[in-house]
Amino acid sequence: MLLSIRDLKVSFRLGERGAVTLVPAVSGVSFDIPEHTTVALVGESGSGKSVTAMSILNLLPDNAQRSGVIEYQGRDLLQAALPELQALRGKEIACVFQDPMTSLNPVFTVGAQMTEPLQRHLNLGRRAALDRVEALLNEVGIPEPKRRLASYPHELSGGQQQRVMIAMALACDPKLLIADEPTTALDVTIQRQILELIARLQERHRMSVLFISHDLGLVGEIADHVVVMRQGVVREQAPVARIFQSPHDAYTKALLACRPSLGYTGARLPVIDDHIEGKVPNRQAKPKDPNAPVVLQVRSLAKSFFLREGLFGKREFKAVRDVNFQLRRGHTLGVVGESGSGKTTMGLTLLRLHEPTAGEVLFDGQNLLTLSDSARQAMRRRIQIVFQNPYASLNPRFTIGQTLNEPMAIHGIGTTQAEREQRARSLLAKVGLDDSAFGKYPHEFSGGQRQRIAIARCLTLEPEVLVLDEAVSALDVSVQAQVLNLLKDLQDDLGLAYVFISHDLAVVRFLSDEVLVMKDGEVVEQADAHQILVAPKQEYTRRLLGAIPRGYQPT
Amino acid sequence: MSAVLPITAAQAPHSEGVWRTAWRRFRNDRVGMVSLAIVAAFLVLIALSATRVVARHWQAEVGVPNAPPTFLGPRPPEDLGTIEAPKGPNVDLSDVDPLAPRYKEWAERAAQMKTAEVQRQETLPFGGDRLGRDVLSKAIKGTEVSVFVGVLASVLATTIGTLLGAAAGFFGRRINDFLEWVYNVFTAVPDILLIFAFAAVFGRGIGTVVLILGLTGWSGVYRQVRAEFIKHRSREYVRAAEAIGASAGSRMFRHILPNVSHVILVRMSLLVVGFIKFEVILSYLGLGVPVDQVSWGTMLAEAQSELILGYWWQLAAATLFMAVFVTAFSLMADAWRDALDPKLRGAE
């Protein structure tokens, strides 16, 4: 047994200046990591999975209190002194974190950052260290490793940065690699590559991997053993085949069920609480009217950014090129693509949050892009947007009531304050929040609840088209299901048309009628949602489809 | 329906507002509360002196020149080294003095006059200045002017800096280029030269000092507010406000400004402290408050010549008042910043 955790409890001392309260984050977790295996730790955000992993090397903030036993090769790491831990960190146990953009130091070259642990732990000279780094970069699949040694982190793509992080972790041949959501910030296709890389390296270096993720489907592809956590306790742990084939715990079952998969055809997704209680989503899909009036028509939309080059020069960067589509009332257009494909820029240009360079956006026959300011203000009401990050899209200084009231006040909806308040409250009820939310501030809500509030804010204006820019990407799988169901309900009740932008084809498939696949600012494929799934025409679409995690596949 | 509404509104629990929360967090900060109390005490003192309840007679020469503080005791009589006055009666000159016939007339006139010989005190609580004025009263009266100048000038500077910074940061492009240019010119000129230039244009007086300091001190605030606005203008909540049709002014001042208020507050408190010190320099250079008024600055200016003669108390009094106020004010502003910063909310 390489590492074994026995009855680990972690709590955080919170409160300011005197008034201390202990908030438990992990309450009694036990599991083992055998040699040469991959153990996955799965749970929603707040389940304590990262805290558990970080307490192995004591990378927790100062206000954490740990108890229990963490035994690593016969030593209890909880009792170990700091110098002892520092000798282990990076050498025997290495970490890869979620966001490669912030894990690398932007002012040092890749070579300089990577030689540091080698010189420190292995007492290599500068030359020898550089040679070793080059070999490592080669091993993690970075092209032209010699040239990359002199590159700065911002010159690498997200996937390459994560590869560098992995190479760095491997530098001293660790026995255990802790990978804390290493692919969450990456695109599906890159995620697949990184996943394969980790699996390959684990095999070659005969090390153990502790893989932390919120996505059970992803974990099923890489792990040998799965530990499911919720609210600081282990709900179930078993070999991966058993978890997928015969899960015992209701929560594990629910987690498996609530992820939209490519093959799922139901009208609503099961959500965790319902699943645990044994309820089945029974709402039937309302048949779509293929002859519904066209609300939004886009013709050869283009958006360019001009980058400064040299002293006076400008270089045109075409972020979006020649996008055409039409959207009918009550229908959903899915837009998929990797990051940098221009899908978000396209969404923002529709609302004229970016000024388009060329093209037409016809809304009920009127061109949105040539309207006068006053006519545009009236149009603005009818097309609204929900942003990706629910933590950033609400003003932290406004109560929910103020947030919902503002758009109505601007557009003169409702004559009196009382009438607006009444409307705001009924909308809160509609998106599934109770009345007490009205006077609260955004920080008092979870990510999923904030996204509901953002949706309610859009609904105050009674829009006809809603642009959903990665609206569920930042949410946990279970919360994602709830918000997706809500969006479906709203579409059926109010006849909204959605432009749904996402990198996740499975989610797009669940919601959309028609799908645009974008790459480098261009639409590479445009077809019916069902068709794109069964008969993708483009290689790129096939690659996107192939990259979606499918969970455990018995071989 | 509207008749029913107020009831539901009253029933729904409202979370405490930003300012209420900030106050609750501030109250838990012991250092902040003590400094708040000190600042409040100073404000009371200023109010009392402005309404002439205390320090009304600060110009009265109540003590002997340079009277020492009470705890030092009266100065020992000095050996002045003059010739001892003759003790006998005056020599009668009347037979040789051509003015002798008018002696009587003068005596009558003198009898009509009355000189009240003020009993000058040997010591004063905090000592006396060159003219024998009470240093304590002067310091209290000086607080009024100095704090008034510091606070008002910093409010002015912050307002200018915030407005310009918000415009430059929010709109960018041409406006930003122009304001950056103005900023660069302003900061390229040495502060003291700039102050001289303004002083020459505006003439003297407390109002002028406020104006001068306000017009020269905005650049730091401008720079920081501009940076904050650049950071916030592309945040999603501002984008969301744009999407619902909020005007530029509403986005700038209703959405962004409350979220950067803590930065502005700290800047302002630093300015108050800095301006109080600047007023000292101005007064010392003779550009500050008029002669018939007193500030900590003029006291320090006087103290310089006194110090050579060993009369340190005026310097000590002014410094003590200034140090206590400035320290308390800085600590208070720091505590306010902590209480208002939305990012520090996690630890609740």
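Could you put B:Tyr103, A:Tyr540 in order, starting from the residue whose Cβ has the fewest other Cβ atoms within 10 Å?
Fewest-to-most Cβ neighbours within 10 Å comes out as B:Tyr103, A:Tyr540.
Using helices alone, I'd like the mean residue ellipticity at 222 nm for chain B: each DSSP H run of four-plus residues gives -39500 (n - 2.57), total over residue count, nearest 500.
That comes out to -21000 deg cm²/dmol.
Per-residue Cβ counts within 10 Å, from other chains only, averaged over A:439-445: what number is that?
Rounded to a whole number, the mean comes out at 4.
Given only helices, namely DSSP H runs of n ≥ 4 each adding -39500 (n - 2.57), what is the per-residue ellipticity at 222 nm of chain A, to the nearest 500 deg cm²/dmol?
When only DSSP H runs of four or more count, the value is -10500 deg cm²/dmol.
Would you kindly derive the ³J(HN,Hα) couplings of the range B:191-202 from the backbone phi angles with the Karplus curve 6.51 cos²θ - 1.76 cosθ + 1.60 (θ = phi - 60°), listing them in order in whole Hz, with x for Gly and Pro?
Going residue by residue, I get 3, 5, 5, 4, 5, 4, 4, 5, 4, 5, 6, 8 Hz, with x marking Gly and Pro.
If I take every Cα pair under 8 Å that is 6 or more residues apart in chain A, average their sequence separation and divide by the length, what percent do I get for the relative contact order?
15 percent.
With unit charges on the beta carbon (Lys/Arg positive, Asp/Glu negative), name the residue among A:Met54, A:Ile385, A:Val431 whose Cα is farthest towards the positive pole of the charge dipole of chain A.
Checked the options; the winner is A:Ile385.
Please give the FRET efficiency for A:Arg299 paired with A:Asp173, using the beta carbon to beta carbon distance and R0 = 45 Å, rounded to the nearest 0.05.
With R0 = 45 Å, the Cβ-Cβ based efficiency is 0.20.
In 10 Å bins starting at 0, how do the alpha-carbon pair distances of the range A:115-183 split up by percent?
20, 53, 26, 1
Would you pull out the residues with amide H under 5 Å of A:Val227's amide H, same chain only if 5 or more places away, H placed 1.01 Å from N?
A:Ala40, A:Leu41, A:Val42
Among B:Phe198, A:Phe398, which comes first, then next, by fewest other beta-carbon atoms within 10 Å?
In order of increasing Cβ crowding within 10 Å: B:Phe198, A:Phe398.
Using square roots of five times the C-alpha gyration tensor eigenvalues, list the equivalent-ellipsoid semi-axes of the protein assembly as shown in whole Å, biggest first.
Largest first, the protein assembly as shown gives 70, 36, 28 Å.
Using the basic label-point model (7 angstrom from Cα toward the beta carbon), what is the B:Glu122 to A:Ser246 distance in nanometres?
10.7
Could you list B:Leu282, A:Leu461 so that the one with the fewest beta carbons within 10 Å of its beta carbon is first and the one with the most is last?
Ascending number of Cβ neighbours within 10 Å: A:Leu461, B:Leu282.
Read phi for every residue in the range B:57-72 and hand back ³J(HN,Hα) as whole Hz from Karplus 6.51 cos²θ - 1.76 cosθ + 1.60, θ = phi - 60°, with x for Gly and Pro.
For the range B:57-72, the Karplus curve yields 9, 5, 8, 5, 8, 8, x, 5, x, 6, 4, x, x, 4, 5, 7 Hz.
Given the alpha-carbon gyration tensor of the range B:249-292, what are the semi-axes of its equivalent ellipsoid in whole angstrom, ordered largest first, with each equal to the square root of 5 times an eigenvalue?
35, 11, 6
Across the range A:42-49, in residue order, what do the Karplus-derived ³J(HN,Hα) couplings come to in whole Hz, using 6.51 cos²θ - 1.76 cosθ + 1.60 with θ = phi - 60° and x for Gly and Pro?
Those phi angles translate into 10, x, 6, 5, x, 7, x, 6 Hz.
Quick note: the coordinates plus some simple rules give every number you see, no bench work behind them. Fair warning: this is a prediction, and the values are worked out from it, not measured in the lab. Heads up, the Cβs are rebuilt from the backbone with ideal geometry, glycines too, and the neighbour counts pull from every protein chain shown.
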